[in-house]
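Written out below as structure tokens is the structure these notes cover.
The values are calculated or read from the model by the stated rules, or taken from the named source; none is laboratory data. No experiment lies behind these values; they were computed from the predicted model shown. Virtual Cβ from ideal backbone geometry, glycine too; neighbours counted across all protein chains shown.
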Ligand SMILES: [Zn+2]
């Protein structure tokens, strides 16, 4: 809680200290990183400043998977004593994740700091959606009646989710935007609202401006964005002053250009993450496959935690046009989110000149709606030579954690197809 008010200079010093101790740690206790340093002719003493980290190569999920569990788990940790999770990517790659307890608690504290900044108090009731519940049950604070939480599984049907939500009456909600939209549409259809007095926090997926206003309207609550992943729990979060702060005491984020050099503030780059806290399973210069923009502005809230902008999303979330231009998913998704009768959708770009739209349609989805959507798509992509085909489906394959994946482009931009 104190760290967030430190100056950027103090926070940088803190990061440097953590990087130095991390490198010493992995050199002594982690086979994979020990070898990595040795191969690159490096010793822990070669890491003085944050820039020195660039002496190390970038790691991918595949590197981690290839070395799991034997080489990547630090000496002294029993996997059975650690907290487990798994990343499940739409790419089909699953990485087992191990957190030692102090690391997990640090990540949870970072998340708590985010909640507290948005007005959350320990006696507030919090509802959250996830594919599995947080692993912090049965802690002492739980027994004191603090941190009352309701876990709503993403696998429960939406009608039941909304019923659970209403019965619980949460003060705050943290959820995936696709689920919040589903709830908001369902409630709006019935002319109902649910008051969420403190805040709604949307996690990790694209939150369009249109979805934001629909959710705010139905829940009478401000909505804030968060950016995280299973590997690191939380990267960055939106404060009440709308600054998107990096949790830089927990993680070091680098924003790199295609040459692997840091981009200037205000420029877009690939996000590479080093966990300053993970010891059982360290992550150093890990490619998370997201893009963002580092900013050197200060936020009006006074926090020293640096600011960034998230660029959603990955290459295959964009539509790549024959002209070579790309269309941001934020431009397209709202039309589908808000269209009557569209229960679920996925836009699949099969070829540069062929887009297939899969829709699970309700009774309100008429031919007129379909035509309207088609015209809206053409207005955005501005290329009549691209064929747009609508397929009404019973089922649409989902992405990470059984969440809808609105856009899937099978066309890769040639400039970014490496890796
Ligand atoms: Zn702020």
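Couple of notes before you dig in:
- Looking only at the range 211-233, and only at residues there that are out of contact with any strand residue (DSSP E or B) (no Cβ under 8 Å at 6 or more places or on another chain) and farther than 30 Å from residue 286 by Cα, the one that is surrounded by the most Cβ atoms within 10 Å (Cβ to Cβ): 211
- So residue 109, is it over 18 Å from the mean Cα position of the chain (by Cα), outside any loop (DSSP other than H, G, I, E, B) and at pLDDT 90 or above: no
- Residue that is farthest from the ligand (Cβ to nearest atom), among those in the range 232-244 that are under 14 Å from residue 112 (Cα atoms) and touching a helix residue (DSSP H, G or I) at 6+ places or on another chain (Cβ under 8 Å): 233
- Among (1) more than 16 Å from the ligand (Cβ to nearest atom); (2) surrounded by fewer than 20 Cβ atoms within 10 Å (Cβ to Cβ), the one test that residue 208 misses: (2)
- Members of the range 63-78 found to be surrounded by fewer than 11 Cβ atoms within 10 Å (Cβ to Cβ) and either touching a strand residue (DSSP E or B) at 6+ places or on another chain (Cβ under 7 Å) or not in a loop (DSSP other than H, G, I, E, B) (or both), listed by number: none
- Residue within the range 39-51 that is touching a residue at least 40 places away in the same chain (Cβ under 8 Å) and over 21 Å from residue 253 (Cβ atoms) present: no
- When every residue of the range 273-286 is checked against the conditions, none turns out to be within 16 Å of the ligand (Cβ to nearest atom), more than 14 Å from the chain's Cα centre (by Cα) and in a loop (DSSP other than H, G, I, E, B).
- Considering residues of the range 245-256 that are under 16 Å from residue 309 (Cβ atoms) and in a loop (DSSP other than H, G, I, E, B) only, the residue farthest from the chain's Cα centre (by Cα): 248
- Residue match in the range 359-367 (condition: crowded, with 18+ Cβ neighbours inside 10 Å, more than 16 Å from the ligand (Cβ to nearest atom) and more than 27 Å from the chain's Cα centre (by Cα)): yes
- Residue list for the range 158-198, restricted to those being in a loop (DSSP other than H, G, I, E, B) and within 15 Å of residue 218 (Cα to Cα): 169, 170, 171, 190, 191, 192, 193, 194, 195, 196, 197, 198
- Scope the range 245-272; condition in contact with a helix residue (DSSP H, G or I) (Cβ under 8 Å, 6 or more places away or on another chain) and within 16 Å of the ligand (Cβ to nearest atom); matching residues: 245, 247, 248, 249
- Verdict on residue 221 being touching a residue at least 12 places away in the same chain (Cβ under 8 Å), assigned by TED's automatic domain parsing to the domain that holds residue 193, assigned to a loop (DSSP other than H, G, I, E, B) and away from the ligand (no atom under 16 Å from the Cβ): yes
- Enumeration of residues in the range 287-320 that are more than 16 Å from the chain's Cα centre (by Cα), surrounded by fewer than 19 Cβ atoms within 10 Å (Cβ to Cβ) and more than 16 Å from the ligand (Cβ to nearest atom): none
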